[in-house]
Amino acid sequence: MEDRVWAGDVSNVEETPESLSQPNGAYARVNGATVRLDPGASFRETCMKLSRDAGFGKFRVFLDGREIKPTEAPETIVEGMKMEIRAFDVAG
């Protein structure tokens, strides 16, 4: 896998929009939607699920406002974490 870009499996994509019920806690922004994250959950598995649900084949992850590489990913989701997942656009 290229270290700059995350890649996910887009099979079995389901639209599951969720909203943030509380302003505090860990959350992710994906396609304009805010999704609550479960502290203690696997960071990598959470990213893969969110990207798959959004239909992204390749994607970029921003953690607390800074883009991170797959090798920089933390092990788990922690309280207060703010993540954004964006589709990776290949220049053509």
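Quote the FRET efficiency, to the nearest 0.05, computed for Thr71 versus Arg36 with a Förster distance R0 of 30 Å and r equal to the Cβ-Cβ distance.
On the way: r = 26 Å, r/R0 = 0.87.
Approximately 0.70, to the nearest 0.05.
Can you list residues from other chains, or at least 5 along the same chain, whose modelled amide H is less than 5 Å from the amide H of Leu37?
Residues meeting the amide H criterion: Ala26, Tyr27, Ala28.
What are the ³J(HN,Hα) couplings of region 35-40, residue after residue, when phi is run through the Karplus curve with 6.51, -1.76, 1.60 and θ = phi - 60°? Round to Hz, x for glycine and proline.
Working through the residues one at a time gives 10, 5, 10, 8, x, x Hz.
Each reported figure results from applying straightforward, stated rules to the coordinates on display, with no laboratory input. Model, not experiment: these values are computed from the prediction. Glycine also receives a Cβ, built like all others from the backbone with ideal geometry; neighbour counts cover every protein chain displayed.
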